[in-house]
Structure formats: structure tokens, C-alpha cells
Amino acid sequence: MVQIPRYAVAIAALAAGIAQMPSAAFAQSTDTASSATAQADASANEPIVVTGTRIKVPGLTSSSPVVSTNEEQIRLQSALTIEDFSTKLPQLSGGVRQGSQGSDAFGAQVLELRNFGQSRSLVLINGTRATPFGFRNSVDVNSIPSSLIKRVDVLTGGAAAVYGADAVAGVVNFILDDDFQGIKGTATTRLSEHGGAQYGGSVTVGGKIGDRGNIVVAADYTQRDLIRAKDRDWAATPNQTIRSLGGVFTDVASGNTFGFTDNGDFTTTPSATSNISGSYPLVSPLKRINVTTLMKYEITPAVEAYGRAMYTNVRTRETGTPGATPASVNQVVSINQDNPFLTDDIRNQLTFVDGAAQVNVARSLGELGLITYNTERDTFQVQGGLRGPLTPSIDWNIYAQYGRSSESSKITGDGLVTSPSGANNFASIVNKVDIFGPNAPGLADALGTTINGFKRDRDQFVTAANLSGTLEDLFSLPAGPIGFALGVEYRRETASINQDTSLLTGNTYREGVQGAYSGSFDVKELYGEILVPVLHDLPLIEKFDVGGAYRLSDYDLFGTHGTWKVEANWKVDPSLRFRGTYQRVLRTPNFGEFAASTSSLPFSALVTVDRLKPRYGGDPCVLGTGDAAQCARFGAPAVGSVDSTSASYLTGNYYYGGNPDIKPETGYTTTIGGVFTPSFLPGFNLTVDWYELDLRGAVGVIQPIAAITSCYITNPTEGNPLCQLVTRNSDGSFKDAYVNNQNLGRLLQRGFDISANYTIRPEWLPGDGVRLSYQGNIVTSYLIQANSTVDPVQCKGTFGATCSSDGTTLVQPDYRHTAGVSWLLPHGVVQFDWQRIGKVHSSSAGSDETLAAQNTFDLSASYDLSDAITFTAGVYNMFDKKPPMVSTGGVFNTFPDTYDILGRTFGLSLTGKL
């Protein structure tokens, strides 16, 4: 029997769908110029959503640069989750994704704009805040149902005066469809050629409530399969070693050493390490259920009730912050002479005194399995509000919403070091269980236990009231009526995390000491916006508006702060418009930064856990790159005398935690741009926006690699305060590292966003024409100053921890784009997309390593088989481009936060409507 590869079936289905398509168009590529306008999503009788302003004026065009993705583009990606399409937007950097192993996100996808850190991007749903999870301000966007998304707006110029704190790098606003009527069902699958699948479906039901309202109910289900490192040949990690699985045993009295190979063979020359990295998870398994209800109902012509209720359940298995490395022991135990598991080979190596031998046992407890967090998270949000017209030109709106993210995690693959009575558990079982060799029977039952890891809750309550519209009922200026928005808002945030007692005391093999904490803050705010039409219908000035916004925020913990913006919008003629904004922005500390207690991991985890490796790069004094006088001053070992990158060189702990004295970050953002829609070139539009993001007092930490580099290489002075952040033992090896949050740094990024679309209709081509689209981001400068004692580092076009603003995204390309060609047909579209991530070089001192530019290509098509059925198929990363390989500092030899790790993937989707 001949077995046909599944990717061949997918290609055949795609080709068949394309071959049957007649001609003309319904889908557009991502469109910057038009999506920022009010007419993009509403008729004149419906609420107007313009991301970047609360002023409700028909036909209003935003002064802030906004990039949009519409539902047709989401469908062309066979999207089951937000990640399936958001990774294509050049303004969105890595953030936390499905391949972010060793994080504390546990199945979440976190968006990050412009490499400014996940806590500096604000996520909205229909213009109001989404519920965050965990102790950061981040939102798991997988809690937003992709089946209900009408469009996604990405505003990349800051918006703190309009939306409040955290909108520093920008805003991502998910516009959900509350007008849907009928029944729609979708089944979707995404299959990776090299293994791994994602599949699911959704059902949406919507209908009128009499003739006054509408209600929509949607249910989504998604399942993602586990992918292990061995499933991708580039993910093999020969240097990812652990303590020997078979064990290394040293008789204390004689010094005799023996052990077992990974195959179980006895040897007197054992290897101290093993490698099981192929079994480590590359992509975590996920099961997700979303249920969402959207409602609006006109009580009277002057009052409409509206609301939403959203619930998401996510279950996943991840490695958590310690990484997947199995638990291990390295201790002296007493082996009895009558131990039933001693062979003659073992007895000949031991020295028995009074019937017992003292033996140092160094072995991984691989029998317990990998350290795994089995996590379940429930996220819900309910919102209710009333809105309506106060006058024909002024609307009012009042709402309240409450959201909670609650998660719990059980940890497997670990065990307790001591029993409740204080006895050492491993020492207690060495004469009862066979500890010699790998796959020791009974060891898992004797030592392993499920730890009730943690329970983490995050709550948010928001209530607000506002007026918006124009003053045309009172007066109008010659150029038109003044637009305005006024409002009050109250927000309360709380968070807590409770750990198992064994984690609080450090009584586990792999977890270190974890801290429990809770915190809360509230803020009362007044805000206002104004838009003044100054000139119109003059030579070279068809319309010229200026505007501004101010928000006064009174925090119970962080004091009173004002944020503001000024803006201008100049329409020269129907073909050319200029726009600009200047804003003061603010981000308040998240709970991990101001409320967290001190936790710790073994310092050695920075060389054994892939995700943590970028935080340590060896001892410059041993490597020969450090200042000799400074090395002698601190008693460092001689050059080449030891291996400073081994786990044994880092003997103590890595301490981290919050800082109750931390202050909000403040900064300024500037955007200046133009929109070109020439009348002599119908179907063409071009937008170019220059931006600058300047953030002062940025909350951050000084990782050991930065402290060590400053102390011994770049600033080798006796009084350098960073030297105290990594201490030494009496033999000169490193002991402890101290890392806590402080208002240390400055982030300064400048660059350009460029977007272009052009639709042409050649007579020789069937259909409604061809759309050419382009979105690009060019970073001209990205300076990161970690603290005032060091010089700023130019981070544009780099990779590595030195240039990561929060340790999450480790690649900072100076160029990214997505370009596409779409063949527009009467009942469908065929689209070819090209994503490019520019060349980057290592940000590590003295390194000349470079990662070449990466190009990936997608081919997708969508076709209406009938009025009721739509078929979509796609081949993503169609040329099977592998991610770039990095020698050090990556995870599985690359950066899964930025580059595609799935390889060639096939998507199929079928949607039916009634």
C-alpha cells in the first residue's frame, strides 16, 4: 500500500480550490490608511470605534498611526488563536508564544510592541481593558475568541492620555462583532509537516432581540499537540547536559569512583553527564475553551444597554521557570553492606566500616520525569453599560466591568528533599530501592510526588462614565464644530500568588525558594480630549485640525500623575494628509515589580536551563577577558584554571523579587507621518510614520552577565556598585547573584512604519484585479541604558540578553516587513505573503556572531463554495525555512520568541453559515 504524505493531500486540496475560482474580490490585505477611520466598522447609527481617541465623530480620521488586520486576513491564516496571525505584524515583536518554554505564562500568548517589554503594551477589547493574568500587566490574548474578531487595530505611538497607564509602546484593540445574525460554524486544522498539529472549531449564534437589539453567543475550542525537541533536527542540543542518569558513585574512604552508562553498563570511568534534551518540550500542549456573549438592546431611543461576558479555560503542560531539567542529587549517603542491590563490581569499589560505606552519589533522578507544571487557568470578564444620545451631537456612556484570571498548577517530576520529620528522603531509601544505574525500578514511587505548586489570582475592576461628540448644538467654528470627550474612571487591581509549603521553604529538588505575596492598588482618573477644526477649504489646506488630551491619575500607591498629548491633522488635498502627535506616557509598576517577595533559584540554573542561559556568560577573569587588577582585587581564579561555565562554578543562589519603593515609568512619544492617496493613481495608498519612544526610569533588573561585564570589563573600578551583585566564595568561584527590580534605565527607540497598498485591474487578468500590499518597520536607533553607571548600548539589529528590555524577547531586528500579492476574485481570493526579519548581530561584548536575514513565504486561498460555505486553505512557511542557529544564548539553538519553529505548515478551514 502506498502511503501519500499528508502535505501532498493539503497541496492538492489547495490547488483544486484555486482551479475552481472564477474572478473578482472580497478580501483586502492589511490596510493602514482606511482602517483608522470611523467608517471602517460602523454605519451612522452604530457606535463609532476609532482606536486612539474617544471622540465620536462620523468620518473622523485618527492622528495616530494605526495598522489593522481584518477578518478576511485572519481567515486566510487558518487562525485558531491570535498567535496564528499576530506574528505577521512587523510592529509586534516576539513576546511570549507557544515555544516560550521555561516562562511563567503557562499557555498564554502575550503581545509585545517594538521590543519594549510585554508590560508596556495595552490590550483592549472594543476600546476597554482586557483582563490581565499573572503578576504582570500582560493579557493572554488567547482568551479572546478569534471567531468573533471583526478587526484588530495596532496603534504604535503610545496612548496613555486616552486609555490610561501601560499604553507606552502602544495599544492593540480587538474589535468584536456584536452585530452577527444567524448561525456560523467553523472547523479548522493546522498540520506541521515535521510533526505537531493544532485543530479546533467554533460555533457562533446571533440574532435580534425584537427590533431593538442583538445578542451573539460564540463558543471556540482549540487543541494543540506537544512537540518535543527531537521532532526538529535543528533543536538538537549536544551541550545540554544533565547529571548522569546512571549515576556517578564515589567511595569516600578510598576515593574509588564508578558508575553506569546511559545503557546501564557498569564502568569505573563514568561520564558525569547525560543528554536527554531531545525529550524536552519545544511546543507545549494546549487545550482551550472560549465562550463569549455580546449583547446590546435599545431600552428607549435615548438609552441602549450593552455588555459582554467572556470565559476561557486553558489547560497546558509546561516546564516552568526552572526548566525541564530533571531533579538530581549530589550527596553522601550510607550504603549498607547487606544492601540487596550491590553487585560484586559495586562491592569491590566500596569500603565498609561497621557494616556501611559512605558513598557520594551524583545522579539525575530521571525516573521522576521532567519537571512539568500542569496548569489550568480560568479567565472571565463581565461588562455592562448604558449609552445613548444626550443631544443630537453628544453621546453619553457609562459602564462597569470585572474580570478575573485564576490559575492553579500541579508540579510533577519533582520530589521532597526531607520528610515531615526532617529525615533526608534520598538517604532513607538507598538501601530499600535500587539506585544504581538508569531507569531504577521503584525510584519514582519512592521519591516522586505531585506538588500542589501554586494558585495565582488576578482581579481587575473598572468603571467609567464619559461624554463625547461635538459642540455643534452650541456653536461651530468656520472650519466646523469642536469635538470633545470628557470622562471619569476608577480602576482597582489585585493579585495574589500562594505557593505550596515545600516551595516556600525550598524543600524540593529543583524549585529553589519561591515567594508568596499579594498586592493591590487603585486609581481614580479624570480625562478629556478636544479636537479643534482650525482651517478648511483654503489653498493647500482642505482641512487642518489640532487636538489634545489630558488625563489626571491619582494612585493610592504611586501618587498623582498627569499624562497628555497634542496632535495635528493637516489634509492638504484629497491626495495628501499629514499627521503628528506628541505625548507624555506612563506605566505603573506591575505586581511582580512592587509587591513580590524574594524568591530564588539555584545560581547553577543559569547554565543548565536554556531559557536562563543568556543571563550568565562565564567569568571574565577565568576566560581571560577581564581586567587583571580587578580580578586580583576580588580574588578571582587564574585564567584558564577552572571551567567557569560549569554548574559547579555557581555554588549559591540567584535571588530575585520586587521592590516596594519602585516608581512609575514616564516618557514621551512622538509620531510624524503622512498619508498619500494620489488621484492620478487610483487604488494606491501609502503611509509613512516616523516615531520616537523615549522612556525614563524604566523598571528593570541587572542580570549577572551585565553586572559581571561592568565590574570586570567595561568599568573595572573598586567602587563599581555592580560588583556587589555577584559575590565570590573564598576559592574565587561565584557564589550568589542578586537581582531585583529598580527604576534603572532608559529606553529610546526611533524608526519608521511604512504601509502601502495598490490595487490594479489589468484587462488581461480574470477577476477584479490584483492587490499589492506592504507593511514594514525600520528601526533607525534603539538605545538601552540598563542603569546610570553604564553607557547606553545601541541595540538595533542585535540579539541577546544585553539588549532585551525585560528578558522576554531576545531579538531586536532593525527591519521587518510583510508583503503580499492578492488575486481578487468574485467569490474568493488567492494570496501570497512574504515575511522578512532582518539580519542581526550579537549584542554580547566581543562577539561577532551574526544571524542572517530570514525570509518565509505563505500561500493561502479562500473561496465561497456557495452562499453558505467557505473553504480556506494555506501553506505557511511553504519553503520549510528553518530558524537561524545561534551558538549561545538561545533556546534549542534559536529564538522561538521571534522565528518560526514549526516549519512547513498546512491549514484547512471550512465555514458554514445559515
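A few notes on this one:
- Where C803 falls short, out of the listed (1) free of Cβ contacts under 8 Å to residues at least 12 places away in the same chain; (2) closer than 30 Å to Q724 by Cβ: (1)
- Out of T69, T53, T81, sole residue that is modelled with pLDDT of 55 or more, more than 22 Å from T687 (Cβ to Cβ) and of a type in the set (S, T, Y): T81
- Test result for G255, within 23 Å of the chain's Cα centre (by Cα) and at positive phi: no
- Restricting attention to segment 648-677, the residues that are within 30 Å of T273 (Cβ to Cβ) and aromatic (F, W, Y) add up to 4.
Let's see how each residue does on (1) outside the structural domain of L226 (by TED's automatic domain parsing); (2) over 30 Å from K455 (Cα atoms); (3) assigned to a strand (DSSP E or B):
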{"site": "L350", "(1), (2), (3)": "yes, yes, no"}
{"site": "T375", "(1), (2), (3)": "no, no, yes"}
{"site": "R387", "(1), (2), (3)": "no, yes, yes"}
{"site": "I398", "(1), (2), (3)": "no, yes, yes"}
{"site": "S408", "(1), (2), (3)": "no, no, yes"}
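- Extreme residue, surrounded by the fewest Cβ atoms within 10 Å (Cβ to Cβ), among residues of segment 188-234 that are over 27 Å from the mean Cα position of the chain (by Cα) and of a type in the set (D, E, K, R): D211
- Here T131 meets each of (1) modelled with pLDDT under 80; (2) in contact with a Gly (Cβ under 7 Å, 6 or more places away or on another chain) with one exception, condition (1).
- Per-region count, segment 590-620, residues touching a strand residue (DSSP E or B) at 6+ places or on another chain (Cβ under 6 Å) and under 24 Å from L748 (Cα atoms): 1
- Selection from segment 885-914 of residues that are touching an Asp or Glu at 6+ places or on another chain (Cβ under 9 Å) and hydrophobic (A, V, I, L, M, F, W, C): V886, V891, F892, L902, F906
- Some residue of segment 686-703 being surrounded by fewer than 16 Cβ atoms within 10 Å (Cβ to Cβ), under 25 Å from N740 (Cβ atoms) and in the same structural domain as F116 (by TED's automatic domain parsing): yes
- Checking M878 against (1) in contact (Cβ under 8 Å) with a residue 60 or more places away in the chain; (2) in contact with an Asp or Glu (Cβ under 7 Å, 6 or more places away or on another chain), the condition it does not meet: (1)
- Every pair of residues 6+ apart whose Cβ atoms lie under 6 Å, when the first sits in segment 242-258 and is closer than 11 Å to S274 by Cα while the second is among the charged types (D, E, K, R) and buried (at least 23 other Cβ atoms within 10 Å of the Cβ): R243/R363; S244/R363; G247/R363
- Filter result for the condition that a residue is touching a strand residue (DSSP E or B) at 6+ places or on another chain (Cβ under 9 Å), outside any strand (DSSP E or B), touching a residue at least 12 places away in the same chain (Cβ under 8 Å) and of a type in the set (G, A, S), over S773, S781, S788: S788
- Residue match in segment 460-477 (condition: surrounded by fewer than 19 Cβ atoms within 10 Å (Cβ to Cβ), among the polar types (S, T, N, Q) and at pLDDT below 95): yes
- Selection status of G323, modelled with pLDDT under 95, surrounded by 16 or more Cβ atoms within 10 Å (Cβ to Cβ) and either under 44 Å from the mean Cα position of the chain (by Cα) or not in a strand (DSSP E or B) (or both): yes
- Verdict on R904 being out of contact with any Gly (no Cβ under 6 Å at 6 or more places or on another chain), farther than 26 Å from V779 by Cα and surrounded by fewer than 21 Cβ atoms within 10 Å (Cβ to Cβ): yes
- Qualifying residue in segment 653-669 (condition: more than 30 Å from T780 (Cβ to Cβ), of a type in the set (S, T, Y) and part of a loop (DSSP other than H, G, I, E, B)): no
- Some residue of segment 460-470 being under 21 Å from F594 (Cβ atoms), in contact (Cβ under 8 Å) with a residue 12 or more places away in the chain, assigned by TED's automatic domain parsing to the domain that holds V162 and not aromatic (F, W, Y): yes
- Between A159, A169, A165, the distinction of being closer than 30 Å to N590 by Cβ and in contact with a His (Cβ under 9 Å, 6 or more places away or on another chain) belongs to A165 only.
- Condition met for S279 (hydroxyl-bearing (S, T, Y), surrounded by 16 or more Cβ atoms within 10 Å (Cβ to Cβ) and either within 39 Å of the chain's Cα centre (by Cα) or within 20 Å of R363 (Cβ to Cβ) (or both)): no
The rows are residues; the columns are (1) farther than 16 Å from T666 by Cβ; (2) surrounded by 16 or more Cβ atoms within 10 Å (Cβ to Cβ); (3) in the same structural domain as A495 (by TED's automatic domain parsing); (4) modelled with pLDDT of 95 or more.
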{"site": "V523", "(1), (2), (3), (4)": "no, yes, yes, yes"}
{"site": "G528", "(1), (2), (3), (4)": "yes, yes, yes, yes"}
{"site": "V532", "(1), (2), (3), (4)": "yes, yes, yes, yes"}
{"site": "I541", "(1), (2), (3), (4)": "yes, no, yes, yes"}
{"site": "F544", "(1), (2), (3), (4)": "yes, yes, yes, yes"}
{"site": "S553", "(1), (2), (3), (4)": "no, yes, yes, yes"}
{"site": "T560", "(1), (2), (3), (4)": "no, no, yes, yes"}
{"site": "K565", "(1), (2), (3), (4)": "no, yes, yes, yes"}
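- Matching residues, segment 75-91, being in a helix (DSSP H, G or I) and either not charged (D, E, K, R) or not assigned by TED's automatic domain parsing to the domain that holds R904 (or both): L76, F85, S86
- Contacts under 8 angstrom Cβ, first residue in segment 837-851 being without any contact (Cβ under 8 Å) to a residue 40 or more places away in the chain, partner of a type in the set (S, T, Y) and buried (at least 20 other Cβ atoms within 10 Å of the Cβ), 6 or more apart: D848/S842; E849/S842; T850/S842
- Taken together, the residues in segment 376-412 that are surrounded by 19 or more Cβ atoms within 10 Å (Cβ to Cβ) and within 26 Å of the chain's Cα centre (by Cα) amount to 10.
- Residues located in segment 294-314, provided they are of a type outside the set (A, V, I, L, M, F, W, C), surrounded by fewer than 18 Cβ atoms within 10 Å (Cβ to Cβ) and within 37 Å of the chain's Cα centre (by Cα): Y297, Y311, N313
- Spans of strands (runs of 3 or more DSSP E) in segment 792-878 with at least 2 residues under 19 Å from D84 (Cβ atoms): 815-825, 828-837, 854-864, 869-876
- Single condition D545 does not satisfy, out of (1) over 30 Å from P682 (Cβ atoms); (2) touching a residue at least 24 places away in the same chain (Cβ under 8 Å): (1)
To keep it simple, each residue is scored yes or no on (1) surrounded by fewer than 19 Cβ atoms within 10 Å (Cβ to Cβ); (2) farther than 30 Å from Y654 by Cβ; (3) of a type outside the set (D, E).
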site	(1), (2), (3)
E718	yes, no, no
Q724	yes, no, yes
T727	yes, no, yes
A737	no, no, yes
L747	no, no, yes
D753	no, yes, no
S773	no, yes, yes
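The values are calculated or read from the model by the stated rules, or taken from the named source; none is laboratory data. Remember, it's a predicted structure, so these values are computed and weren't measured experimentally. Backbone-built Cβ (ideal geometry, glycine too); neighbour counts: all protein chains shown.
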